[in-house]
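Report on one structure; see the data block that follows.
The values are calculated or read from the model by the stated rules, or taken from the named source; none is laboratory data. The structure displayed is predicted, hence computed values, not measured ones. A quick note on method: Cβ atoms are made from the backbone with ideal geometry, for glycine too, and the neighbour counts reach across all protein chains shown. Please note that ligands, DNA and RNA were not included when accessible areas were found on the heavy atoms of the full protein model with its side chains. Shrake-Rupley method; radii C 1.70, N 1.55, O 1.52, S 1.80 Å.
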Amino acid sequence: MLKLENKYFLLRHGESPINLKGLVSCWPEKIYSPLTRKGVKQIKEAAEKLKQNKIAFIFSSDILRTRQTAKICAKELGLKVKFDKRLRDVNLGIFNGQHIKKIGKFWVKEGKKLSSLEYYKRRFTIAPPKGENYVDIEKRLSSFLRDVETK
């Protein structure tokens, strides 16, 4: 178990067109999806709230909508952003660019109704073709956090 000495704040990116269309977009980025005006406003408001905390660093995924989010926060907080590909969202493989319902059906067993818990458990062990599962993400993020903690 990784013991964290630092305090971390997680911020989701602001609204983007893919959110409005119900699409999933991971990496490599297939769909150009910058923040919407509403998304920019959401992040400016979030950054304003974050000012009351002693934030020393901003780390971000290198995906467009998260880069934009991080840059807005950095400007508001007077910090620079360090981009790291290990902070990318889950790689959904062949479902990248598809509607969210399509990937949701992937984890459902044929002809069998699953409880919410069973459904989410499958996401830890089953990766979409050419994608990754939640255990893969945990390894990626743990590597990032170990590096940050040592510095």
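Kindly indicate which of L145, L114, L92 is of a type in the set (A, V, I, L, M, F, W, C), touching a helix residue (DSSP H, G or I) at 6+ places or on another chain (Cβ under 6 Å) and open to solvent by less than 60 Å² (accessible area, probe 1.4 Å). So that I can check it myself, show each step before the final result.
Values: L145 fails: touching a helix residue (DSSP H, G or I) at 6+ places or on another chain (Cβ under 6 Å); L114 fails: touching a helix residue (DSSP H, G or I) at 6+ places or on another chain (Cβ under 6 Å).
Only one candidate passes the filter, namely L92.
Does the range 46-55 contain any residue that is within 17 Å of V148 (Cα to Cα) and in contact with a Leu (Cβ under 8 Å, 6 or more places away or on another chain)? Walk me through it before giving the result.
Step one: filter the range 46-55 for residues within 17 Å of V148 (Cα to Cα), giving 54-55.
In the following step, the residues that additionally are in contact with a Leu (Cβ under 8 Å, 6 or more places away or on another chain) were identified as 55.
Yes, there is a match, as at least one residue in the range 46-55 is within 17 Å of V148 (Cα to Cα) and in contact with a Leu (Cβ under 8 Å, 6 or more places away or on another chain).
So S61 passes all but one of these: (1) loosely packed, with under 15 Cβ neighbours inside 10 Å; (2) in contact with a His (Cβ under 9 Å, 6 or more places away or on another chain); (3) closer than 19 Å to R140 by Cα. Which condition number does it fail?
(1)
(1) over 28 Å from A46 (Cα atoms); (2) within 17 Å of the chain's Cα centre (by Cα); (3) in contact (Cβ under 8 Å) with a residue 60 or more places away in the chain; (4) open to solvent by 50 Å² or more (accessible area, probe 1.4 Å): which one isn't true of K101, the others all being true?
Evaluating K101 over (1) over 28 Å from A46 (Cα atoms); (2) within 17 Å of the chain's Cα centre (by Cα); (3) in contact (Cβ under 8 Å) with a residue 60 or more places away in the chain; (4) open to solvent by 50 Å² or more (accessible area, probe 1.4 Å) leaves (2) as the failure.
Tell me the residue from I18, I43 that is farther than 30 Å from E149 by Cα, β-branched (V, I, T) and either in contact with a Leu (Cβ under 6 Å, 6 or more places away or on another chain) or not in a loop (DSSP other than H, G, I, E, B) (or both), please. Even if it seems obvious, please write down each step before you answer.
On the way: I43 fails: farther than 30 Å from E149 by Cα.
Only one candidate qualifies: I18.
How many residues are surrounded by 14 or more Cβ atoms within 10 Å (Cβ to Cβ) and closer than 25 Å to L4 by Cβ when one looks only at the range 122-140? Write out each step before concluding.
Looking only at the range 122-140, we keep the residues that are surrounded by 14 or more Cβ atoms within 10 Å (Cβ to Cβ), and these are 122-123, 127-128, 131-134, 136-137, 140.
Narrowing further to those that are closer than 25 Å to L4 by Cβ: 123, 132-134, 136-137, 140.
Here the count works out to 7.
For the range 32-47, state whether one or more residues are among the hydrophobic types (A, V, I, L, M, F, W, C) and within 25 Å of S143 (Cβ to Cβ). Walk me through it before giving the result.
Just the residues of the range 32-47 that are among the hydrophobic types (A, V, I, L, M, F, W, C), to begin with: 35, 40, 43, 46-47.
Then drop every residue that is not within 25 Å of S143 (Cβ to Cβ), which leaves none.
No: zero hits.
So which of G131, G104 is among the small types (G, A, S) and within 19 Å of R88 (Cβ to Cβ)? Step through it out loud before you land on a result.
Details: G104 fails: within 19 Å of R88 (Cβ to Cβ).
G131 is the lone residue from the list that is among the small types (G, A, S) and within 19 Å of R88 (Cβ to Cβ).
Could you grab the pairs with beta carbons closer than 7 Å, sequence gap of 6+ or different chains, first residue in the range 67-87 and at negative phi, second one open to solvent by 60 Å² or more (accessible area, probe 1.4 Å) and acidic (D, E)?
Matching pairs, first to second residue: E76/E48.
Hey, among the residues in the range 31-40 that are outside any helix (DSSP H, G or I) and aliphatic (A, V, I, L, M), which one's modelled with the lowest pLDDT?
It comes out as I31.
So which residues in the range 19-58 are surrounded by 15 or more Cβ atoms within 10 Å (Cβ to Cβ) and without any contact (Cβ under 8 Å) to a residue 24 or more places away in the chain?
Within the range 19-58, N19, T36 qualify.
Output the residues belonging to the range 75-85 that are under 27 Å from S143 (Cβ atoms) and open to solvent by 50 Å² or more (accessible area, probe 1.4 Å).
Here is the first cut: in the range 75-85, the residues under 27 Å from S143 (Cβ atoms) are 77, 79-85.
Within the range 75-85, K80, K82, F83, K85 qualify.
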